[in-house]
1. If we keep just the residues of the range 12-51 that are surrounded by 15 or more Cβ atoms within 10 Å (Cβ to Cβ) and hydroxyl-bearing (Ser, Thr, Tyr), which is nearest to residue 64 (Cα to Cα)?
2. Have a look at 102, 149, 139 and point out the one that is closer than 30 Å to residue 12 by Cβ and in a helix (DSSP H, G or I).
3. Where the second residue is modelled with pLDDT under 90 and among the polar types (S, T, N, Q) and the first is closer than 26 Å to residue 168 by Cβ and lies in the range 93-115, which pairs have Cβ atoms under 9 Å and are six or more apart or on separate chains?
4. Looking at this structure, is residue 117 assigned to a helix (DSSP H, G or I), more than 30 Å from residue 183 (Cβ to Cβ) and open to solvent by less than 100 Å² (accessible area, probe 1.4 Å)?
5. Residue 128: of a type outside the set (Lys, Arg) and closer than 30 Å to residue 64 by Cβ, yes or no?
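The values are calculated or read from the model by the stated rules, or taken from the named source; none is laboratory data. Worth saying up front: this structure is predicted, and the values here are computed from it rather than measured. All Cβ positions, even for glycine, are placed from backbone atoms using ideal geometry, and neighbour counts span all protein chains on display. The accessibility values were calculated without ligands, DNA or RNA, using every heavy atom of the protein model including side chains. Shrake-Rupley method; radii C 1.70, N 1.55, O 1.52, S 1.80 Å.
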Amino acid sequence: MNKSEFLLSLTDKLDPLPQHEIEKTRGFYAEMIDDRIEDGMSETEAVAAIGDIDTIIQDTLLEQPLPALMKAKIQPKSSLKIWEIVLIVLGFPVWFPLLAAFFVVILSVYLSVWAVIISLYATVAAFALSGLAGIFSIFFAPSFVYGLFVLGLSLACLGIGVLSFFGVTKLSHWLILLTRKFLRFVKSLFIKKEVL
């Protein structure tokens, strides 16, 4: 495949996207091919070195915002016929609640993950702050033994807070990666199956 065939195929497969996105992607890959040709590769070798066009299309589509993918999927290629408009209007009581439920589920999963992250950091902060408060409260202890006991508990809480911070940070990182994968999965629902 030469450069013009590659760019034409790229443009055809990215057709649902807005024109400026197609031009940006096309320009990026045209420049990449030109750079490889300048490095001494032939045009065919430069195109082959870029990779499989279907993988490029899938990655490009998955990088698009979800509303853009939905608009591209839902937007008709030609004007709607009267019977299609009638079906859309009559089917509104069915398809609108399903669409709303779909968005509510996506939003609830996303918010739930962030609620878990926030609550974990709040727990870490509670341990650390209770440890610090306990250390300052030993100055007001009624007896030496009680003050020593409070100091021990305060240091334990502070240690748990500091140590759990590292675990919570790692877990938060995994949860953020999970939300990214979930969002990519949702986006993949709006990409044509023949591209995948």
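1. Filtering first and then ranking leaves 25.
2. Working: 149 fails: closer than 30 Å to residue 12 by Cβ; 139 fails: closer than 30 Å to residue 12 by Cβ.
Going through 102, 149, 139 in turn, the sole match is 102.
3. 109/179; 110/179; 113/179; 114/179
4. Details: assigned to a helix (DSSP H, G or I): yes; more than 30 Å from residue 183 (Cβ to Cβ): no; open to solvent by less than 100 Å² (accessible area, probe 1.4 Å): yes.
No, not satisfied.
5. Working: of a type outside the set (Lys, Arg): yes; closer than 30 Å to residue 64 by Cβ: no.
Against the criterion (of a type outside the set (Lys, Arg) and closer than 30 Å to residue 64 by Cβ), residue 128 does not qualify.
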